[in-house]
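Written below as C-alpha cells is the structure these notes are about.
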C-alpha cells in the first residue's frame, strides 16, 4: 500500500516540480533568466517558488557580479537532490500501483 | 484527478523538461580543430597532387581515381571519429558519467540517418562515372549540414550556425558543380570550371570540412573560456 503522504508537498506542485527538474538536469547552476525563459514564468511567480524551495533547503543561490548586471544562479543542494530522487521514486510506486 | 493520473502527469512534465534541458554539443571544439586541420592538410595534399598530375612531366603522379579519393576521406573521417571518441571517454571518466550518455544517444539518433544517406549517395554518385568527385563532395557537405541541423533540439546555438552554414555552402557547391554550358543557372548563368573536377572536390572539402570547422572551433573555444570566467556570468 502506497502512503501518499510520503509525496513531498513542497515538490508536488507543477511550478516547483518544473524548477526542481531543470535544476536536476544539469550539473551547472542555472541563471535566473534562463530558468524564466525555459519555464515561461513571470519574475514574481518564479521568485516565490524559488524562495519556497530555498526555505526547505532544496535550492541554493549565488549572486555573480560581472561587467554587466549581476546575475543570480540557482542550483540544487544535496538535500534537494535527495528529495527530488525520493519524490521520483514515490511517483513510480504510485504508477506501478495503478497497473 | 486521481493520484495515479496526477503522478503520470507529473512524470510527463519531468520527462519533457529533462529532454528540453539536455544540451549536447555533437562536435567539441578540440574535435572541430583536429578535424578541420586534418581536412585542410588532406585537401591541400590531394589538390596539389592533382595539380601536378594535370601539369604532366616525367615525375608527375598519375590522376587520382574517385575510389582512391573516397578512401582517403573515409580514413580522415575514421581518424577524427576515433579522436572524438577518446575525448568523450576521457570526459565521461572525469565526470564519472556513462560513455553512452542520454545526450550522446539522442545526438546519434539524429546524426546517423542523414550522414548514412549522404555518405551512400555521395559515394554512389562519385563511383558512377569519372569526374564526379566534386558532386560527391557537395552531397557530403549538404548531408552533414542536415545531420547537424537534425540535432537542433538538443544543440547549442553554435551547432545550428555550423549546420546552416554547411547546408548553404553545400547547396552552393552543388549548383556550381552542376551548372555548365548546357545547364546554366537562372540569373547566374554558368561558372568557369577548374581544370579537373577533382580540384573542385578538394577545394569544397577543404573549405567546408576544413575552414568551417576551424572557425567553429575558434568561436566555441572563445565562448567556453568566456563562460569559465565567473565575471562573464552565464553558461
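Computed from the coordinates by the stated procedures, all read-outs in this text should not be read as laboratory data. All figures in this text were calculated on a predicted structure; none of them were measured in a lab. Backbone-built Cβ (ideal geometry, glycine too); neighbour counts: all protein chains shown.
Here is how the numbers come out for the structure above:
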| read-out | value |
| --- | --- |
| Length released on extending from residue B:218 to residue B:87, taking residue separation times 0.36 nm less the Cα-Cα span | 45.4 nm |
| Rounded, prolate or oblate (a/c below 1.5 giving rounded, otherwise prolate when a/b exceeds b/c) for chain A by Cα gyration tensor | prolate |
| In nm, spacing of pseudo-spin labels at residue B:109 and residue B:11 (7 Å Cα→C-beta vector) | 1.7 |
| Cα centroid of the stretch A:1-64 to Cα centroid of the stretch B:32-80, whole Å | 55 |
| Full-extension gain in nm, residue B:79 to residue B:62, via 0.36 nm per residue minus C-alpha separation | 3.5 nm |
| The stretch B:27-232: relative contact order as a whole-number percent, Cα under 8 Å and 6+ apart | 32 |
| Among B:156, B:30, B:186, residue whose mean-square fluctuation peaks in a GNM of chain B (springs only between Cα atoms under 10 Å) | B:186 |
| Degrees, to the nearest 10: B:102-128 long Cα axis against longest axis of chain B | 20 |
| Computed [θ] at 222 nm, deg cm²/dmol, chain A (DSSP H ≥ 4; -39,500 (n - 2.57); rounded to nearest 500) | -17500 deg cm²/dmol |
| Most mobile of B:142, B:205, B:106 in a GNM of chain B (Cα contacts under 10 Å) | B:106 |
| Top of B:143, B:72, B:208 by mean-square fluctuation, Gaussian network on chain B, Cα under 10 Å | B:72 |
| FRET efficiency, 1/(1 + (r/R0)^6) with R0 45 Å, evaluated for residue B:130 and residue A:82 via beta carbons | 0.10 |
| Degrees, to the nearest 10: B:66-95 long Cα axis against longest axis of chain B | 20 |
| Degrees between helix B:29-55 axis and first principal axis of chain B (Cα, 0 to 90, nearest 10) | 10 |
| Estimated inter-spin distance, residue B:192 and residue B:225, nm [label 7 Å along Cα→Cβ] | 4.0 |
